[in-house]
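The next block holds one structure in the form of C-alpha coordinates; read it before the comments.
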Amino acid sequence: MAASGKGSTSTRRLRPYYAVADALAALFSPFVEAVVHDIRTDRVVHVAHPFSPREVGDPSDLQDVDFAPDASVIGPYEKINWDGRRIKSVTAVLRDDGDRPIGLLCVNADVTEFDMVRRMLDGFLQTGDRGPRPDDLFRNDWHERINRYVAAWAAERGTTLTRLDREQRRGLIEDLHRTGAFEGKRAAAYVAGVLGISRATVYAELARLKAAQPV
(Lines give C-alpha, C1' and ligand atoms only; values in the text may rest on other atoms or scores of the structure.)
Protein backbone atom coordinates (compact mmCIF):
# COMPACT_ATOMS: atom_id res chain seq x y z
CA MET A 1 0.00 0.00 0.00
CA ALA A 2 1.27 3.47 -0.85
CA ALA A 3 0.05 7.02 -0.33
CA SER A 4 1.14 10.11 -2.23
CA GLY A 5 0.75 13.83 -1.95
CA LYS A 6 0.05 16.40 -4.67
CA GLY A 7 0.72 20.07 -4.95
CA SER A 8 3.89 22.11 -5.27
CA THR A 9 6.31 22.14 -8.17
CA SER A 10 9.00 20.55 -6.01
CA THR A 11 6.60 17.77 -5.06
CA ARG A 12 5.78 17.08 -8.70
CA ARG A 13 9.49 16.76 -9.48
CA LEU A 14 9.70 14.03 -6.86
CA ARG A 15 6.94 11.89 -8.39
CA PRO A 16 9.29 9.76 -10.54
CA TYR A 17 10.85 8.50 -7.30
CA TYR A 18 7.51 7.24 -5.97
CA ALA A 19 7.79 4.15 -8.18
CA VAL A 20 11.28 3.49 -6.82
CA ALA A 21 9.93 3.63 -3.27
CA ASP A 22 7.03 1.34 -4.20
CA ALA A 23 9.37 -1.17 -5.86
CA LEU A 24 11.72 -1.35 -2.87
CA ALA A 25 8.84 -1.80 -0.44
CA ALA A 26 7.24 -4.47 -2.64
CA LEU A 27 10.47 -6.41 -3.10
CA PHE A 28 11.27 -6.60 0.61
CA SER A 29 7.70 -6.72 1.92
CA PRO A 30 6.73 -6.89 4.74
CA PHE A 31 10.03 -5.72 6.24
CA VAL A 32 10.63 -2.44 4.40
CA GLU A 33 8.88 0.90 4.14
CA ALA A 34 10.06 3.69 1.85
CA VAL A 35 9.34 7.36 2.47
CA VAL A 36 9.87 10.31 0.11
CA HIS A 37 10.41 13.72 1.72
CA ASP A 38 10.16 17.13 0.03
CA ILE A 39 13.07 19.22 1.30
CA ARG A 40 11.53 22.55 0.30
CA THR A 41 8.21 22.02 2.06
CA ASP A 42 9.69 19.82 4.81
CA ARG A 43 6.79 17.40 4.31
CA VAL A 44 6.29 13.69 3.69
CA VAL A 45 4.98 13.36 0.12
CA HIS A 46 4.91 9.58 -0.40
CA VAL A 47 4.89 6.50 1.83
CA ALA A 48 5.14 2.93 0.54
CA HIS A 49 4.14 0.08 2.88
CA PRO A 50 4.08 2.20 6.04
CA PHE A 51 4.80 0.51 9.34
CA SER A 52 5.74 3.72 11.14
CA PRO A 53 3.13 6.36 12.02
CA ARG A 54 4.34 8.54 9.11
CA GLU A 55 1.61 9.77 6.75
CA VAL A 56 1.60 11.96 3.67
CA GLY A 57 1.52 15.60 4.73
CA ASP A 58 3.29 15.00 8.04
CA PRO A 59 6.25 17.26 8.85
CA SER A 60 9.53 15.69 7.82
CA ASP A 61 11.51 17.47 10.55
CA LEU A 62 14.54 17.72 8.30
CA GLN A 63 16.08 20.64 10.12
CA ASP A 64 18.28 18.21 12.06
CA VAL A 65 19.41 16.34 8.94
CA ASP A 66 22.85 17.48 7.87
CA PHE A 67 24.69 16.10 4.86
CA ALA A 68 27.63 17.10 2.71
CA PRO A 69 26.83 19.15 -0.42
CA ASP A 70 27.94 16.28 -2.67
CA ALA A 71 26.33 13.51 -0.60
CA SER A 72 24.24 10.95 -2.45
CA VAL A 73 23.67 8.34 0.26
CA ILE A 74 23.38 8.80 4.02
CA GLY A 75 23.86 5.73 6.20
CA PRO A 76 23.03 2.99 6.84
CA TYR A 77 22.06 4.03 10.36
CA GLU A 78 19.89 2.62 13.10
CA LYS A 79 16.61 3.90 14.52
CA ILE A 80 14.00 2.63 16.95
CA ASN A 81 10.39 2.50 15.74
CA TRP A 82 7.51 3.82 17.81
CA ASP A 83 6.71 0.30 19.01
CA GLY A 84 10.30 -0.42 20.03
CA ARG A 85 11.22 -2.40 16.93
CA ARG A 86 14.76 -2.05 15.61
CA ILE A 87 14.99 -0.26 12.25
CA LYS A 88 17.98 -0.13 9.91
CA SER A 89 17.73 2.80 7.53
CA VAL A 90 19.48 4.38 4.57
CA THR A 91 18.65 7.68 2.85
CA ALA A 92 19.22 8.71 -0.76
CA VAL A 93 19.52 12.41 -1.56
CA LEU A 94 17.30 13.24 -4.56
CA ARG A 95 18.47 16.05 -6.83
CA ASP A 96 17.07 18.07 -9.73
CA ASP A 97 18.70 18.65 -13.11
CA GLY A 98 20.84 21.37 -11.55
CA ASP A 99 22.18 18.90 -8.96
CA ARG A 100 20.31 20.75 -6.19
CA PRO A 101 18.84 18.60 -3.38
CA ILE A 102 15.05 18.52 -3.66
CA GLY A 103 14.11 15.48 -1.63
CA LEU A 104 15.11 12.46 0.37
CA LEU A 105 14.19 8.83 -0.17
CA CYS A 106 14.37 7.05 3.17
CA VAL A 107 14.31 3.25 3.13
CA ASN A 108 13.57 1.74 6.53
CA ALA A 109 14.05 -1.98 7.16
CA ASP A 110 12.52 -3.65 10.21
CA VAL A 111 15.33 -5.98 11.32
CA THR A 112 13.80 -6.96 14.67
CA GLU A 113 12.93 -10.51 13.65
CA PHE A 114 16.30 -11.02 11.94
CA ASP A 115 18.00 -9.78 15.11
CA MET A 116 16.03 -12.30 17.17
CA VAL A 117 17.09 -15.11 14.83
CA ARG A 118 20.72 -13.97 15.06
CA ARG A 119 20.61 -13.96 18.85
CA MET A 120 18.98 -17.40 18.85
CA LEU A 121 21.73 -18.75 16.58
CA ASP A 122 24.43 -17.08 18.68
CA GLY A 123 23.04 -18.78 21.76
CA PHE A 124 22.76 -22.13 20.00
CA LEU A 125 26.27 -22.00 18.53
CA GLN A 126 28.00 -20.59 21.62
CA THR A 127 30.07 -23.23 23.38
CA GLY A 128 30.70 -21.29 26.58
CA ASP A 129 33.24 -22.46 29.14
CA ARG A 130 31.63 -25.76 30.01
CA GLY A 131 33.38 -29.11 29.73
CA PRO A 132 36.99 -29.88 28.81
CA ARG A 133 39.04 -27.41 26.83
CA PRO A 134 38.94 -28.27 23.11
CA ASP A 135 42.70 -28.82 23.02
CA ASP A 136 42.41 -31.36 25.82
CA LEU A 137 39.37 -33.02 24.33
CA PHE A 138 40.79 -33.44 20.82
CA ARG A 139 44.48 -33.87 21.55
CA ASN A 140 44.40 -37.56 20.60
CA ASP A 141 41.49 -37.38 18.16
CA TRP A 142 43.04 -37.73 14.69
CA HIS A 143 39.56 -37.46 13.13
CA GLU A 144 39.24 -33.92 14.52
CA ARG A 145 42.79 -33.00 13.50
CA ILE A 146 42.12 -34.13 9.93
CA ASN A 147 38.78 -32.27 9.86
CA ARG A 148 40.39 -29.04 11.03
CA TYR A 149 43.34 -29.35 8.67
CA VAL A 150 41.16 -30.10 5.65
CA ALA A 151 38.77 -27.21 6.46
CA ALA A 152 41.68 -24.77 6.88
CA TRP A 153 43.38 -26.06 3.71
CA ALA A 154 40.25 -25.48 1.61
CA ALA A 155 39.52 -22.08 3.21
CA GLU A 156 43.05 -20.82 2.48
CA ARG A 157 42.44 -21.58 -1.19
CA GLY A 158 38.98 -20.05 -1.26
CA THR A 159 37.24 -23.29 -2.12
CA THR A 160 35.26 -26.16 -0.57
CA LEU A 161 35.72 -29.92 -0.51
CA THR A 162 32.92 -30.46 -3.01
CA ARG A 163 34.63 -28.15 -5.53
CA LEU A 164 38.11 -29.72 -5.43
CA ASP A 165 39.38 -31.02 -8.75
CA ARG A 166 41.66 -34.04 -9.15
CA GLU A 167 44.92 -32.07 -8.85
CA GLN A 168 43.69 -30.23 -5.76
CA ARG A 169 42.70 -33.52 -4.09
CA ARG A 170 46.16 -34.92 -4.86
CA GLY A 171 47.74 -31.82 -3.36
CA LEU A 172 45.62 -32.10 -0.23
CA ILE A 173 46.47 -35.80 0.22
CA GLU A 174 50.15 -34.94 -0.21
CA ASP A 175 49.94 -32.20 2.43
CA LEU A 176 48.07 -34.53 4.79
CA HIS A 177 50.73 -37.17 4.28
CA ARG A 178 53.49 -34.68 5.01
CA THR A 179 51.85 -33.71 8.34
CA GLY A 180 51.51 -37.33 9.44
CA ALA A 181 47.73 -37.44 9.14
CA PHE A 182 47.76 -41.02 7.84
CA GLU A 183 49.46 -42.46 10.92
CA GLY A 184 46.11 -43.13 12.54
CA LYS A 185 44.47 -46.52 12.05
CA ARG A 186 41.96 -46.37 9.18
CA ALA A 187 43.00 -42.74 8.49
CA ALA A 188 43.25 -43.44 4.77
CA ALA A 189 39.69 -44.75 4.67
CA TYR A 190 38.50 -41.76 6.68
CA VAL A 191 40.18 -39.28 4.33
CA ALA A 192 38.66 -41.09 1.36
CA GLY A 193 35.22 -40.60 2.89
CA VAL A 194 35.90 -36.93 3.64
CA LEU A 195 37.05 -36.25 0.07
CA GLY A 196 34.33 -38.36 -1.52
CA ILE A 197 36.75 -40.64 -3.35
CA SER A 198 37.52 -44.35 -3.17
CA ARG A 199 39.95 -45.82 -0.67
CA ALA A 200 41.85 -47.32 -3.61
CA THR A 201 42.50 -43.80 -4.90
CA VAL A 202 43.92 -42.69 -1.55
CA TYR A 203 46.05 -45.84 -1.21
CA ALA A 204 47.38 -45.30 -4.74
CA GLU A 205 48.34 -41.71 -3.93
CA LEU A 206 50.04 -42.78 -0.70
CA ALA A 207 51.97 -45.46 -2.57
CA ARG A 208 53.10 -42.88 -5.12
CA LEU A 209 54.23 -40.50 -2.37
CA LYS A 210 56.12 -43.21 -0.52
CA ALA A 211 57.81 -44.34 -3.73
CA ALA A 212 58.93 -40.77 -4.40
CA GLN A 213 60.59 -40.45 -1.01
CA PRO A 214 64.39 -40.71 -1.05
CA VAL A 215 65.73 -43.97 0.26
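The values are calculated or read from the model by the stated rules, or taken from the named source; none is laboratory data. Just so we're clear, the structure is a prediction, and the values are computed from it rather than from any experiment. As a convention, Cβ positions derive from the backbone with ideal geometry for all residues, glycine included, and neighbour counts pool all protein chains shown. Only protein heavy atoms, including side chains, enter the accessible area calculation; ligands, DNA and RNA are left aside. Shrake-Rupley method; radii C 1.70, N 1.55, O 1.52, S 1.80 Å.
What to note about this one:
- Filtering region 83-122 to residues that are without any contact (Cβ under 8 Å) to a residue 24 or more places away in the chain, over 17 Å from R43 (Cα atoms) and aliphatic (A, V, I, L, M) leaves V90, M116, V117, M120, L121.
- Where strands (runs of 3 or more DSSP E) fall entirely within region 15-89, those with at least 2 residues that are over 25 Å from M116 (Cα atoms) and open to solvent by less than 50 Å² (accessible area, probe 1.4 Å) are at 32-38, 43-48.
- In region 156-175, the residue that is farthest from A211 (Cα to Cα) out of those that are among the aliphatic types (A, V, I, L, M) and at pLDDT below 90 is L161.
- Checking region 178-186 against the condition returns no match, with no residue being aliphatic (A, V, I, L, M) and farther than 13 Å from W142 by Cβ.
- Hits in region 150-186 (condition: outside any helix (DSSP H, G or I), within 30 Å of the chain's Cα centre (by Cα) and under 17 Å from I197 (Cα atoms)): T160, L164, D165
- Selection status of A71, modelled with pLDDT of 85 or more and at negative phi: yes
- The one condition from (1) of a type in the set (D, E, K, R); (2) at pLDDT below 85; (3) open to solvent by 40 Å² or more (accessible area, probe 1.4 Å) that D115 does not meet is (3).
- The number of residues in region 157-177 that are of a type outside the set (A, V, I, L, M, F, W, C) and surrounded by 10 or more Cβ atoms within 10 Å (Cβ to Cβ) comes to 11.
- Test: residue in region 126-148 that is hydrophobic (A, V, I, L, M, F, W, C), open to solvent by 70 Å² or more (accessible area, probe 1.4 Å) and either modelled with pLDDT of 85 or more or not in a loop (DSSP other than H, G, I, E, B) (or both): yes
- Residue list for region 179-193, filter: in contact (Cβ under 8 Å) with a residue 12 or more places away in the chain and either farther than 15 Å from Y149 by Cα or surrounded by fewer than 16 Cβ atoms within 10 Å (Cβ to Cβ) (or both): T179, E183, A189
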